[in-house]
1. Could you let me know the centre-to-centre spacing of the stretch 1-31 and the stretch 91-115, using Cα atoms, in angstrom?
2. Can you give the accessible area per residue of the chain, in Å², using a 1.4 Å probe?
3. Using Cα pairs under 8 angstrom and six or more residues apart, how large is the relative contact order of the stretch 437-532, in percent?
4. Using the Kirkwood formula over every pair of different C-alpha atoms, what hydrodynamic radius in Å results for the stretch 437-532?
5. By how many degrees, 0 to 90 and rounded to 10, does the Cα axis of helix 276-289 deviate from the longest principal axis of the chain?
6. Can you give the Rg to Rh ratio for the stretch 353-455, taking only C-alpha atoms and Rh from Kirkwood?
7. Nearest 0.05, what FRET efficiency do Glu145 and Asp175 give at R0 = 30 Å with Cβ-Cβ as r?
8. Nearest 20 debye, what's the magnitude of the dipole of the chain about its Cα centre given +1 on Lys and Arg Cβ and -1 on Asp and Glu Cβ?
Amino acid sequence: MRGRMMDTPLLISSLVEHASRVHGDQQIATRTVEGPIVHSTWAEVLRRSKQLAEALTGAGIGTSDRVATLGWNTQRHLEAYYGISGMGAVCHTLNPRLHPTQLVYIMNHAEDRALLLDTTFVPLAEAVADELRHVEHYVVMTDREHMPETSLPNAVSYEAFIETCPGTYSWPSLDERDAAALCYTSGTTGHPKGALYTHRSTVLHAMGVAMPDVFNLSRDTCVLPIVPQFHACAWGLPYAAAVAGSKLVMPGPRLDAEGLTELLESEQVNFCAGVPSVFLGLIQHWRASGGAPSALSMVLLGGAAPPQSLIAALEGEFDIEFRHGWGMTETSPLGAVNTLLPAHRSWPVEERSAFQTKQGRAPYGIELRILGQAGEVLPHNGQAFGELQARGPWVVDGYFGSDETPLTDEGWFPTGDVATIDSEAYVQITDRTKDLIKSGGEWISSIDVENMAMDHPDIAMAAVIGVPDEKWGERPLLIAVPASETKPTKEAVLEHLAGSLAQWQLPDKVIFVDSLPMGATGKVQKTQLRKEYAGG
Ligand code: AMP
């Protein structure tokens, strides 16, 4: 028997409609690319995203056409999320930190017909425009006054593009399984691949993200996504904030510690989310400038493993609740969040922060399992480690433009991460499958060694890679960035590591460098390090 309930499709347009209807006066603040901080509302974002949909329709963009964005986190970029997907086109966020040849590959592969870009990225677009085979329209996300001189064909400022449109557009009633947004993975091997989100997956993910044990969003939340809108849709925050009616604060291009701290303070932000490397800079700035922003009560770090010392500093020194998240572009990205159980909360900071290095538990909507080398499903005992696999309504089942399925026969997505799962369902990522180091038949987790190295007060960043070794197969090499001009000695670092690692797990060599090569989404590029140092 079929149930008797309305079959209302889960559409991205319904999110901004809801936010405007119920939380219309809730603020959206942006530090603009032009400089000043401006304030708007969800009602205004709805009207302007409709104007954008009208303008794009007028320019000949239709259902399923890909419209790319190359932008910072701003109100206009937020309107692009809603205007483009809402009208049934596909919002394709581009990562400006990619190499231009990769951008060209991705835009041609996606067959992007229009590009919305910030003034910052006009030179980048000009440099590759001749190679973009499908782009007909360039919309620069600024007003007439700030529109730069440009050689981009048919370039128009965003404000000029939308100004004559009435903003009375009626969103089409789409199939919730239609494509809504496209995001290519960083592509550490081979060509980048496009995760093609549906309206349904995006809305379900947004509701999952807003839950108390996940990002805990409500009308009272003032959220600043430091994570860029071009990195897995800013982890769903622009959509989840609409579900919950939260205030959004968009940092624009100023992602330096001073600029962020100023904005966190002036907008009274109480929740922000980003990758660990940004927070390492933030806490140093807070120490030097007399404290953390006054309203900030919770931060969520993900995208890479945060060192325990950073977690302990946030919770112990600055009294900010820390949450650890794990996910991938392919999982929309939310896959797990470490929120403490009541029993953990009374633990001393040292013990608690060690536990918080675990990536956490799957929210409703995600199932996780680990598999051994023979393909056997491993027990959740916190010891057995194997490849982490995921499934659920916001996990990819394939890639844009590809007939191949990445899924196992049983329909699970292999993440490429190696993990343990404990009896309380907390996942701990020990490595990427390709980053694990095998020494004398035993596995060494590069993440473990990195975390311990970064707990040394004189080390700011660390990466560990396996280098070929005749006797042992592979041996760990530690590449570290000193925290100040005084480098610690190799002996001091090894002595520190020997406090928690077995002798055979200790790196054979320690190299100090000024900086580590960072990928476009805030992860250390180990492929680059292997190229440089694999010779030992
Ligand atoms: P991306 O698709 O670019 O977001 O990259 C996803 C990958 O980032 C995952 O498969 C993990 O290898 C890594 N990652 C994400 N979050 C974490 C985390 N909290 N700890 C360790 N690695 C992470």
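1. 29
2. Details: 22080 Å² over 536 residues.
Heavy-atom SASA per residue in the chain reads 41 Å².
3. Values: 156 pairs, mean separation 25.9, N = 96.
The normalised contact order for the stretch 437-532 reaches 27 percent.
4. After inverting the mean inverse Cα-Cα distance, the result is 13.5 Å.
5. Between helix and principal axis, roughly 90 degrees.
6. Values: Rg = 14.7 Å, Rh = 14.8 Å.
Rounded to two decimals, Rg over Rh is 0.99.
7. On the way: r = 41 Å, r/R0 = 1.37.
FRET efficiency, Glu145 to Asp175: 0.15.
8. Details: 39 positive and 64 negative charges, 121 e Å.
That gives the chain a dipole magnitude of about 580 debye.
The values are calculated or read from the model by the stated rules, or taken from the named source; none is laboratory data. Since this is a predicted model, take the numbers as computed values, not measurements. Using ideal geometry, Cβ is built from the backbone for each residue, glycine included, and neighbour counts are taken over all protein chains shown. Ligands, DNA and RNA are excluded from the accessible area calculation, which covers all protein heavy atoms including side chains. Shrake-Rupley method; radii C 1.70, N 1.55, O 1.52, S 1.80 Å.
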